[in-house]
Amino acid sequence: MNKLLNKPFKAYTLFSLLILLISIPVYVLVVDQIWLRELDENNWLALEHLKKNINSRDYTDDDIANINEIWGELQPGFSIAKIKGPSLPQDSIYEVQRNNAFDGEDESDRFRGLRSSLILQGQAYQITIETNVEEADETLLAIALVTLLFFIVLIIGFILINRRLARKTWQPFYKTLVSLRNFDLSKDEALILDKSNIAEFQELNESLEQLVARNIKVYQQQKAFTENASHELQTPIALLKSKLDLLLQEKDLNPSLSTALNAIEAPLARLSRINKNLLLLAKVENQQYATKEEINLQAYLHSALSLFEDYINDKTLKVKLNLQENITLQAHSFLVETLVHNFLSNAIRHSVLGGELEIELSANTLWIRNSGKTSLDTKNLFERFASSSTEKVSSGLGLAIIKEVANTYHWQLNYQFSANQHVFTLCFD
Amino acid sequence: MKILIIEDEKGLANDMISYLSKERYLCEWAADYPSAIAKISSYAYDCILLDLMLPGGDGLSILAELKKQNKEEGLIIISAKNSLEDKVKGLRLGADDYLAKPFHLAELAARVESLIRRKQFDSNPLITYNEIEIDIQAKATKVKGEMIMLTKKEYELLLFFLGNKNRVLSKSALAEHLSGDFADMFENHDFVYAHIKNLKRKLKEKGSADYIKTIYGTGYRWEA
């Protein structure tokens with residue numbers, strides 16, 4: 001994954017590189033043009049100076065020849081020589097490469113020359129003046145080096161600015177991110193984000209706060225709905241149950257009718273259990289069991305075992321207990337009782353006939369193990385109505401209740417299937 | 001025996017009346033708070049069944065009113081709320097029992113019976129039915145004067161049957177009576193059959209008549 005800030009950084013870097021690369025030949029051309037124009041002017045000035053001064057003296061032919069010889073020796077590229085013909089050639093500028101006489105490594109130098117002519121005492125002379133010019137490739141190299149240097153400075157600058165931006169400017173964004181990550185809808189707390197002086201972040205934070213506020217409202221409505229719906233359902237369920245009880249008392253029930261009535265019992269019991277569990281979940285979520293007291297878990301396990309004794313015997317389960325004495329928890333007694341009942345009824349129901357039920361309790365962990373054939377579907381195991389079995393009696397909410405109670409007290413709940421055993425672990429730390 | 005049923009749901013009140021009336025109970029019905037208060041103030045009852053959610057007032061304040069009037073009626077809260085707070089509060093305010101909706105009518109009848117028995121406890125701790133005699137205090141059962149050893153569950157079943165004579169009791173009602181609220185967590189209530197079989201055997205051994213009849217497909221009935 002790319003960081004957001006690296007995107008413009010890359011783009012800026014590439015763009016700078018492109019611009020700087022283009023700038024190199026442009027600079028070279030411009031510098032070269034300036035060079036040449038200056039040198040042409042220099043040559044012209046020297047020529048004019050020479051013309052003016054040479055005319056004011058009366059040099060003989062021999063003098064001129066001497067000047068040519070001496071000056072030509074002293075100043076490379078200078079010459080003044082007789083030319084024939086009546087007409088004077090036009091002034092011209094030329095460029096020439098010559099070997100460097102003093103520096104063998106520098107293969108050749110570039111010279112800029114001006115060729116002109118003048119008439120002294122009726123004789124036409126041609127004058128050439130040359131000046132050394134920096135070669136274009138050398139200019140190119142120098143400019144490229146300087147440009148590279150600036151490019152490096154630019155990149156370093158970008159990196160520094162980027163870091164600073166990441167640290168300062170983006171700080172509110174990262175804070176928001178942390179708040180969102182820690183947000184828990186079921187805690188019923190509004191999302192409060194820091195004010196930011198950056199318009200986009202402020203807008204983001206406000207939108208998020210509104211979004212979360214709406215969600216909390218919907219969530220609360222949903223919870224209230226579940227609780228109200230369960231309450232409303234209790235009465236019709238109670239009615240169904242009492243009507244069924246009355247129907248059973250009828251004197252002339254024929255066998256098919258009594259079988260039908262009997263068949264209503266099970267789904268009605270299930271309906272009643274689902275409703276009770278939904279109500280319980282809603283209440284746990286609404287933190288209606290907030291009070292805590294000291295709970296002796298061992299006692300709760302024993303009382304649940306004796307309560308379920310008949311069902312354990314029905315399945316001829318072997319119960320193995322390994323309970324450490326005097327393990328106490330701070331929790332609501334009803335929730336712990338519910339948790340234990342759900343754990344055990346779940347284990348009993350999912351055990352094979354003649355299987356084993358193992359309960360182990362240490363200072364910070366409760367293990368419930370029961371023999372089974374295949375692993376439960378672990379993906380949505382603790383989700384509501386994600387029941388992984390085809391049982392008719394399951395409310396589909398037992399494990400969800402266990403999970404909800406565990407969440408309430410921040411206990412760690414785990415399931416695994418190993419050695420033909422379903423193992424539920426509850427860690428109290 | 002007079003019972004006052006304070007319940008706003010007419011259908012349920014009718015069912016309770018219909019079931020309880022077949023026993024020796026005379027039932028009256030109050031559908032809301034004012035009529036409940038009026039009846040309580042004017043008459044004496046052996047037992048009051050109180051729904052906490054009433055139109056016109058909180059059911060718990062009826063409890064307070066009873067206390068204020070120094071009434072000593074037995075009272076069972078029947079509530080759809082099934083909330084622990086209400087249960088604790090109700091019992092603290094002087095209710096004798098708490099039954100969460102939905103319940104089996106047989107369970108209600110047994111609770112009423114047990115409550116009335118407790119109220120008369122001082123005068124008569126014995127329940128007798130023909131050759132069967134039960135000492136509530138000692139939890140001892142005798143047939144024709146001879147002790148029989150019943151397990152806790154067999155003893156509870158016997159009392160349950162005696163509180164619901166001539167009624168068909170479904171397996172689920174029996175299981176719920178034995179295992180409490182959690183019976184509906186299980187599909188299979190076959191253990192009820194085992195307990196009843198043992199109870200019948202123990203009664204028969206001492207020469208008691210065979211009162212418990214199996215009703216095919218539905219449950220059991222104590223035939224008086």
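Quick rundown of the values:
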| quantity | calculated |
| --- | --- |
| Among (1) open to solvent by 20 Å² or more (accessible area, probe 1.4 Å); (2) touching a residue at least 24 places away in the same chain (Cβ under 8 Å); (3) more than 30 Å from A:LEU335 (Cα to Cα), the one test that B:LYS10 misses | (2) |
| The listed residue being out of contact with any His (no Cβ under 7 Å at 6 or more places or on another chain) and on the phi > 0 side of the Ramachandran plot, out of A:ASN380, A:ASN326 | A:ASN326 |
| Conditions (1) facing chain A (nearest Cβ under 9 Å); (2) open to solvent by 50 Å² or more (accessible area, probe 1.4 Å); (3) in contact with a His (Cβ under 8 Å, 6 or more places away or on another chain): number failed by B:THR151 | (1) |
| Failed item in (1) at pLDDT below 90; (2) open to solvent by less than 30 Å² (accessible area, probe 1.4 Å), with A:PHE385 passing the rest | (2) |
| Strands (runs of 3 or more DSSP E) wholly inside region B:154-224 that include at least 3 residues being within 12 Å of another protein chain (Cβ to nearest Cβ) and buried (at least 20 other Cβ atoms within 10 Å of the Cβ) | B:168-170, B:219-222 |
| Test: residue in region A:311-319 that is within 50 Å of the chain's Cα centre (by Cα) and surrounded by fewer than 20 Cβ atoms within 10 Å (Cβ to Cβ) | no |
| Residue in region A:14-32 that is surrounded by fewer than 10 Cβ atoms within 10 Å (Cβ to Cβ) and assigned by TED's automatic domain parsing to the domain that holds A:GLU130 present | no |
| Residue within region B:87-95 that is crowded, with 22+ Cβ neighbours inside 10 Å and β-branched (Val, Ile, Thr) present | no |
| A:ASN407 being more than 12 Å from chain B (Cβ to nearest Cβ), over 24 Å from A:ALA282 (Cβ atoms) and either under 35 Å from the mean Cα position of the chain (by Cα) or not in a helix (DSSP H, G or I) (or both) | no |
| Within region B:60-86, considering residues that are loosely packed, with under 15 Cβ neighbours inside 10 Å and acidic (Asp, Glu), the one modelled with the highest pLDDT | B:GLU72 |
| Which listed residue, of B:ALA140, B:ALA109, is within 14 Å of another protein chain (Cβ to nearest Cβ) and more than 14 Å from B:TYR211 (Cβ to Cβ) | B:ALA109 |
| Condition check for B:LEU84: more than 16 Å from B:ILE5 (Cα to Cα), facing chain A (nearest Cβ under 10 Å) and over 17 Å from the mean Cα position of the chain (by Cα) | yes |
| Residues (under 25 Å from B:TYR216 (Cβ atoms), within 7 Å of chain B (Cβ to nearest Cβ) and either open to solvent by 30 Å² or more (accessible area, probe 1.4 Å) or in contact with a strand residue (DSSP E or B) (Cβ under 6 Å, 6 or more places away or on another chain) (or both)) located in region A:226-245 | A:LYS243 |
| 3 or more residues hydroxyl-bearing (Ser, Thr, Tyr) and not assigned by TED's automatic domain parsing to the domain that holds B:ASP181: qualifying helices (runs of 4 or more DSSP H) within region B:28-139 | B:33-42 |
| Unique residue being more than 27 Å from A:ASN228 (Cβ to Cβ) and free of Cβ contacts under 8 Å to residues at least 24 places away in the same chain when the list is A:ASN313, A:ASN346, A:ASN326 | A:ASN313 |
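Condition check ((1) of a type in the set (Ser, Thr, Tyr); (2) over 20 Å from B:ALA109 (Cβ atoms); (3) touching a Gly at 6+ places or on another chain (Cβ under 8 Å)) across all residues:
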position: A:SER230; (1), (2), (3): yes, yes, no
position: A:LEU239; (1), (2), (3): no, no, yes
position: A:LEU244; (1), (2), (3): no, no, no
position: A:LEU248; (1), (2), (3): no, no, yes
position: A:LYS251; (1), (2), (3): no, no, no
position: A:ASN254; (1), (2), (3): no, yes, no
position: A:SER258; (1), (2), (3): yes, yes, yes
position: A:ARG270; (1), (2), (3): no, yes, no
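The values are calculated or read from the model by the stated rules, or taken from the named source; none is laboratory data. Owing to the predicted nature of the structure, the values given are computational and were not obtained by experimental measurement. Using ideal geometry, Cβ is built from the backbone for each residue, glycine included, and neighbour counts are taken over all protein chains shown. The area values use the complete protein model at the heavy-atom level, side chains included, leaving out ligands, DNA and RNA. Shrake-Rupley method; radii C 1.70, N 1.55, O 1.52, S 1.80 Å.
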